[in-house]
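The values are calculated or read from the model by the stated rules, or taken from the named source; none is laboratory data. Please read these numbers as outputs of a predicted model, since none were measured by experiment. Cβ placement follows ideal geometry from the backbone for every residue including glycine, while neighbour counts extend to all protein chains displayed. Each accessible area value is taken on the protein alone, full model and side chains, heavy atoms only, with ligands, DNA and RNA left out. Shrake-Rupley method; radii C 1.70, N 1.55, O 1.52, S 1.80 Å.
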Amino acid sequence: MQHSALRVRAELLEFLKFRVLAAQQTFFQDESPVQRRAWLERVHPKALVLTDRQLDEVWTQAQQLYGDH
């Protein structure tokens, strides 16, 4: 199960790269975990297996890697 979660995290991070690069900081505007999950349900439902904490970690990593600094 751990291996699967790591794979999903990596896929989500790759998916977010282009979203973040296109939207920059507007992508990271405040949103609730419920709103984030609703968005993921539409665009990347595979990521819904991750916990809210794991999603927060992926969002943070995406901002660090791809955000406009």
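Residue under question is PHE18, and the condition is that it be touching a Phe, Trp or Tyr at 6+ places or on another chain (Cβ under 9 Å) and surrounded by fewer than 11 Cβ atoms within 10 Å (Cβ to Cβ); does it hold? Full working, then the answer.
Values: touching a Phe, Trp or Tyr at 6+ places or on another chain (Cβ under 9 Å): yes; surrounded by fewer than 11 Cβ atoms within 10 Å (Cβ to Cβ): yes.
When the stated conditions are applied, PHE18 passes them.
Assess whether ARG53 counts as being under 12 Å from the mean Cα position of the chain (by Cα) and surrounded by fewer than 12 Cβ atoms within 10 Å (Cβ to Cβ). Even if it seems obvious, please write down each step before you answer.
On the way: under 12 Å from the mean Cα position of the chain (by Cα): yes; surrounded by fewer than 12 Cβ atoms within 10 Å (Cβ to Cβ): yes.
The answer is yes for ARG53.
Going through segment 19-28 one residue at a time, which ones are over 12 Å from LEU65 (Cβ atoms) and within 13 Å of the chain's Cα centre (by Cα)? Give the steps one after another, and end with the answer.
Kept after step one, since they are over 12 Å from LEU65 (Cβ atoms), are these residues of segment 19-28: 19, 22-28.
Once the filter is applied, which keeps residues that are over 12 Å from LEU65 (Cβ atoms) and within 13 Å of the chain's Cα centre (by Cα), segment 19-28 yields ARG19, PHE27, PHE28.
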Does LEU55 satisfy the criteria of being under 11 Å from ARG9 (Cα atoms) and in contact with a helix residue (DSSP H, G or I) (Cβ under 8 Å, 6 or more places away or on another chain)? yes
In segment 26-42, how many residues are open to solvent by less than 80 Å² (accessible area, probe 1.4 Å) and not hydroxyl-bearing (Ser, Thr, Tyr)? 9
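Mind checking which residues of segment 17-34 are of a type outside the set (Ser, Thr, Tyr) and either out of contact with any Leu (no Cβ under 9 Å at 6 or more places or on another chain) or at positive phi (or both)?
Initial filter on segment 17-34 (of a type outside the set (Ser, Thr, Tyr)): 17-25, 27-31, 33-34.
Of everything in segment 17-34, those that are of a type outside the set (Ser, Thr, Tyr) and either out of contact with any Leu (no Cβ under 9 Å at 6 or more places or on another chain) or at positive phi (or both) turn out to be PHE18, ARG19, LEU21, ALA22, ALA23, GLN24, GLN25, PHE28, GLN29, ASP30, GLU31, VAL34.
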